[in-house]
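To start, the structure under review is shown below, and the notes come after it.
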Ligand code: DX5
Ligand code: ZN
């Protein structure tokens with residue numbers, strides 16, 4: 001049976017000059033690779049532009065989990081689905097027409113994800129859940145890797161889990177996931193875990209992915 005838990009290493013703080021080697025370190029033990037796209041407008045940081053991202057998506061041996069931290073997300077979301085990302089996550093705070101964009105992403109053939117910043121509550125958006133394959137509850141302010149896990153988000157994760165009910169929607173957390181925090185997020189109901197610095201700062205990233213998976217309760 002397929003695992004209920006997914007570990008998606010974020011390559012944001014991996015070695016950008018040798019991404020193929022960095023991804024190869026974790027490819028055998030990870031479920032997806034998390035690709036953080038930042039435009040220096042929605043968040044105060046910039047990562048890869050679209051042409052660079054297209055190359056990463058095309059070369060990656062694992063499905064790509066694209067997390068779009070960009071203002072123009074209703075247009076860019078569809079571009080990432082066309083580029084072959086397996087999952088495309090848009091921020092509710094940036095989207096003018098979330099339902100249309102999420103449906104468009106699905107129609108192209110990608111999974112549709114909806115992300116909430118720490119200050120955004122889930123309750124107003126429950127009617128969007130029918131357009132969503134993954135809900136992302138940010139556990140840091142988006143923009144940078146290596147920040148401290150916000151344990152106060154666990155209440156939101158619990159409420160999101162309740163709203164999801166028995167729908168097959170993945171519940172993702174992103175930010176500060178480590179051996180110290182992953183079990184806390186799992187206990188609150190998360191099943192899909194982004195881990196950046198915990199994985200790529202570890203001496204053996206693949207061992208860390210497996211140790212994180214184990215710490216989340218997957219045997
Ligand atoms: C932050 C990004 C995260 C980041 C996570 O805005 O969305 O995906 O890479 O990095 P860590 O795991 O180091 O908090
Ligand atoms: Zn992310």
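When only Cα pairs below 8 angstrom with a gap of at least 6 residues are kept, the chain shows a relative contact order of 21 percent. Peptide packing: for 53-63, 192-202, the average count of neighbouring Cβ atoms within 10 Å per residue gives the ranking 192-202, 53-63, highest mean first. Anisotropy class assigned to the range 1-52 is oblate, per the alpha carbon gyration tensor with a/c at or over the 1.5 cut-off and a/b no larger than b/c. Were the residues from residue 58 through residue 103 laid out at 0.36 nm apart, the gain over their Cα-Cα distance would be 13.9 nm. When you restrict to C-alpha pairs under 8 Å that are six or more residues apart and normalise by the size of the range 38-166, the relative contact order lands at 19 percent.
Extending 7 Å from the Cα toward the beta-carbon at both residue 17 and residue 40 defines two label points whose distance is 2.1 nm.
If the chain linking residue 162 and residue 24 were pulled fully straight, counting 0.36 nm for each residue of separation and taking away their Cα-Cα distance, it would gain 46.1 nm. Full extension of the chain between residue 183 and residue 211 yields a length gain of 8.9 nm, computed as 0.36 nm times the residue separation minus the alpha carbon distance. Could you please state, rounded to a whole Å, how far the C-alpha centre of the range 164-219 is from the C-alpha centre of the range 3-28? Their Cα centres are 14 Å away from one another. When only Cα pairs below 8 angstrom with a gap of at least 6 residues are kept, the range 134-182 shows a relative contact order of 56 percent.
Since every read-out is calculated from the coordinates, none of them should be taken as a lab result. Keep in mind that what you see is a predicted model, and the values were worked out from it rather than measured. Don't worry about glycine lacking a Cβ; one is built from the backbone with ideal geometry, like all the others, and counts go over all protein chains shown.
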